[in-house]
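Undergrad: Dropping the structure in here first, questions after.
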Amino acid sequence: MNNNQHNINYQDAPALSGGCYSENKLQKLGLPNLTGKKFLDLGCNMGFYCKYAQTQGALRVVGVDIDKQVINSARQSNDGIEFFDSGWDNFPSGEFDVIICLSAIHYAKDPIELIENIRNHLSPGGLLILEGGVVGIGKNLQSDLLIPSWRQVGDRCRHLSEGFVKNHLLAGFNWRLNGESELRGGDNIPRYVIHATPKDPDVVTRSATIWHLDIQEYAACLALSASTIVKNMPSFNYVQQLGSISAEFTSNNLIPIISAPDNFEAFIDDLLFALMPIKAFTRLHLAQNLPSHFLKLLETRLSNAGIIVINP
Ligand SMILES: C[S@@+](CC[C@H](N)C(=O)[O-])C[C@H]1O[C@@H](n2cnc3c(N)ncnc32)[C@H](O)[C@@H]1O
């Protein structure tokens, strides 16, 4: 997030101005009994959930946020809780029984690295609770990418997709959907709560996996954010145009939009942003459901960026 004034008013309770309904979200998290537990909140904002953990008798409570203003504010009213303002790339020391990361992983530069760090800091039997927007749940999409977006609050982010969670992000975990989460304005992506526990010694490397991209599906996922995308952002035009297509995407209705001269570079820039966590690591399988000249162009751009495209 690039704008402190949004963070300072983020956490709140119903009927107050922050409007993210922290109390309601709390009910949906399915937190375990926290008595005597070590609890960590990554992207803790003003410390609402840290404070809750403390009232539940947690032994150690740590909150991490990159926004100094919210951490200063959190420190003022939460004695006995450790707050760090250096961001989750500087992971706090020690092991934790419960780590939560709510409405925040979409800002991670490298979500896979963040999850690896979390895994390394969970105590045996520890629980990760992840909450946020996930695209394509239950839709059995073939693509397993992150889905980029520019949102009205002014930040560029990448939403999780079901395939990304299953095949890459949480491949080293046993995980389940705990249910839907509290909706919050700013995007149209449905939100979920995920509970995850690390699998027994199991090293999952991203270089070992093949990633999948079907541009028709990917476009349908991008179109979900059409009504919330920030005007004047490079992606605005083409995402709006994608959003205006109500029928299924096909080669015929998609190619004129994404290959238009005004749109193509923004489309490629977003795609490379979506692929950032994998590039230079592994191989991408590209669905062959678009005209071959367009696929060729795409392959060239991807391979120039260090991504190996395979078509088995
Ligand atoms: C949308 S708010 C969610 C706050 C809180 N987790 C909640 O659900 O109420 C996202 C938070 O993530 C924080 N954040 C973004 N990037 C971060 C990073 N690299 N390290 C730690 N926190 C970060 C932001 O400053 C912001 O407070």
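The values are calculated or read from the model by the stated rules, or taken from the named source; none is laboratory data. Here the structure is a predicted model, which means the values were calculated and not measured. Cβ sites come from the backbone with ideal geometry, for glycine too, and all protein chains shown count toward neighbours.
Undergrad: Look at region 26-66 and say how many of its residues are touching a Ser or Thr at 6+ places or on another chain (Cβ under 6 Å) and touching a residue at least 60 places away in the same chain (Cβ under 8 Å).
TA: 1
Undergrad: Does Asp269 satisfy the criteria of being of a type outside the set (Phe, Trp, Tyr) and touching a residue at least 60 places away in the same chain (Cβ under 8 Å)? I'd like the intermediate steps shown before the answer.
TA: On the way: of a type outside the set (Phe, Trp, Tyr): yes; touching a residue at least 60 places away in the same chain (Cβ under 8 Å): no.
No, not satisfied.
Undergrad: Under 6 Å by Cβ, and 6 or more places apart or on different chains, what pairs join a residue from region 121-132 that is buried (at least 21 other Cβ atoms within 10 Å of the Cβ) with one that is assigned to a strand (DSSP E or B) and of a type in the set (Gly, Ala, Ser)?
TA: From residues that are buried (at least 21 other Cβ atoms within 10 Å of the Cβ), the pairs are Leu128/Ala196.
Undergrad: Still on this structure, please answer the following. Looking at region 43-70, which of its residues are of a type in the set (A, V, I, L, M) and more than 9 Å from the ligand (Cβ to nearest atom)?
TA: If the condition is that a residue be of a type in the set (A, V, I, L, M) and more than 9 Å from the ligand (Cβ to nearest atom), then Ala53, Ala58, Leu59, Val61, Val62 are the ones that fit.
Undergrad: Let me ask you something else. Those residues that are more than 9 Å from the ligand (Cβ to nearest atom), part of a loop (DSSP other than H, G, I, E, B) and modelled with pLDDT of 95 or more, I need them from region 84-135; list them, please.
TA: Of everything in region 84-135, those that are more than 9 Å from the ligand (Cβ to nearest atom), part of a loop (DSSP other than H, G, I, E, B) and modelled with pLDDT of 95 or more turn out to be Phe91, Pro92, Ser93, Gly94, Glu95, His121.
Undergrad: So which of Ser181, Ser149, Ser161 is of a type in the set (Ser, Thr, Tyr), touching a Lys or Arg at 6+ places or on another chain (Cβ under 8 Å) and away from the ligand (no atom under 13 Å from the Cβ)?
TA: Result of the check over Ser181, Ser149, Ser161: Ser149.
Undergrad: Criterion first (more than 21 Å from Leu26 (Cα to Cα) and in contact with a Ser or Thr (Cβ under 6 Å, 6 or more places away or on another chain)) does Glu113 satisfy it?
TA: Details: more than 21 Å from Leu26 (Cα to Cα): yes; in contact with a Ser or Thr (Cβ under 6 Å, 6 or more places away or on another chain): no.
So Glu113 fails the test.
Undergrad: Looking at (1) over 13 Å from the mean Cα position of the chain (by Cα); (2) within 11 Å of the ligand (Cβ to nearest atom); (3) assigned to a loop (DSSP other than H, G, I, E, B), can you tell me which one Ala171 breaks?
TA: (2)
Undergrad: Now, a different point. Could you please find all residues in region 32-73 being crowded, with 19+ Cβ neighbours inside 10 Å, assigned to a loop (DSSP other than H, G, I, E, B) and either out of contact with any Phe, Trp or Tyr (no Cβ under 9 Å at 6 or more places or on another chain) or basic (Lys, Arg) (or both)?
TA: The answer is Lys37, Asp67.
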